[in-house]
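Comments concern the structure below.
The values are calculated or read from the model by the stated rules, or taken from the named source; none is laboratory data. Note that this is a predicted model, so its numbers are computed, not measured. All accessible areas refer to the heavy atoms of the entire protein, side chains included, with ligands and DNA or RNA removed. Shrake-Rupley method; radii C 1.70, N 1.55, O 1.52, S 1.80 Å.
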Amino acid sequence: MFMRINSIRYNNSVVDGPGIRTVFFMQGCDLHCKGCQNRSTWDIEKGKKVDIDELVNELNKKVFNKKITISGGEPLMQKEALIEFVTKLNDLGFDIALYTGHQKEDVPSILLDKVKYLKTGNFIQELKTTVKPFVGSENQVFEEVK
Ligand code: SF4
C-alpha cells in the first residue's frame, strides 16, 4: 500500500514525546486550525507518495533508537495506510507516538493497541502553551496508552 508523506525529521526531537524521537509528518489535514505551523501538510494531493514497505525498511535502518512520533497533517486522513504502517512498525518493536487533532474515540482500537503514546485534540491558538509537555495548546492531551 502507498501513503502520502510530507517529511521526516530523523533522531532530533525532544518535544514530541519522551526521549529523542524521529518525527514523521504525514500529508493531508482537514482540520485547518488557526495558527497552524504545518500548513504545507494540508493538501492531501501534495507531498510524496511512498510505498509503506520501503518506508518501514528505511526507518528501521535510520531511526537509531526505534522511537517515532507520527504527526502531520492529520494522520487519520489516511486511516488504512496508517494502520498498515503502525502495524509494521509495531512488529519491528518501535516505540510509537501518534499525534491526532481528533479525539481518542475517533482513533481505531487496532491503533490504540499498537501505539505507546497518543496526543489528541486540535491546536487552539488562544490556548498555546510552551510549558505543558509534548503538546502545542492547553486543550490537547498527551497520554500513555500502552
Ligand atoms: S491538526 Fe495540526 S496540521 Fe492540522 S491544521 Fe491543526 S495544527 Fe495544523
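Our note on the geometry: Cα centres of the range 1-55 and the range 87-144, 13 Å apart. For the chain, modelled as a GNM whose springs connect Cα atoms under 10 angstrom apart, the maximal fluctuation among 75, 108, 133 occurs at 108.
The C-alpha atoms of the range 2-144 occupy a region whose extents along the principal axes are 40, 32, 29 Å, arranged from largest to smallest.
Summed over qualifying helices (DSSP H, 4 residues or more, each -39500 (n - 2.57)) and divided by its residue number, the chain shows a 222 nm mean residue ellipticity of -5500 deg cm²/dmol. GNM on the chain, alpha-carbon springs under 10 angstrom: the most fluctuating residue among 22, 129, 120 is 129. Evaluating 6.51 cos²θ - 1.76 cosθ + 1.60 at θ = phi - 60° for every residue in the range 77-87, the Karplus couplings come out as 5, 10, 4, 5, 5, 4, 4, 5, 4, 5, 4 Hz, glycine and proline recorded as x. Cut-off under 15 Å on the C-alpha distance; same-chain residues fewer than 8 positions from residue 62 excluded. Which aspartates and glutamates are left, in chain and number order? Of all the aspartates and glutamates, those that pass the test against residue 62 - Cα under 15 Å, at least 8 places apart if same chain - are 53, 54, 95.
For the residue pairs 67/128; 46/79; 48/132; 49/88; 67/132, the alpha carbons lie more than 28 Å apart in 48/132. Solvent-accessible area assigned to carbon and sulfur over the range 1-82 amounts to 48 percent, based on a 1.4 Å probe.
Among 82, 98, 31, the largest mean-square fluctuation in a Gaussian network model of the chain (Cα springs under 10 Å) belongs to 31.
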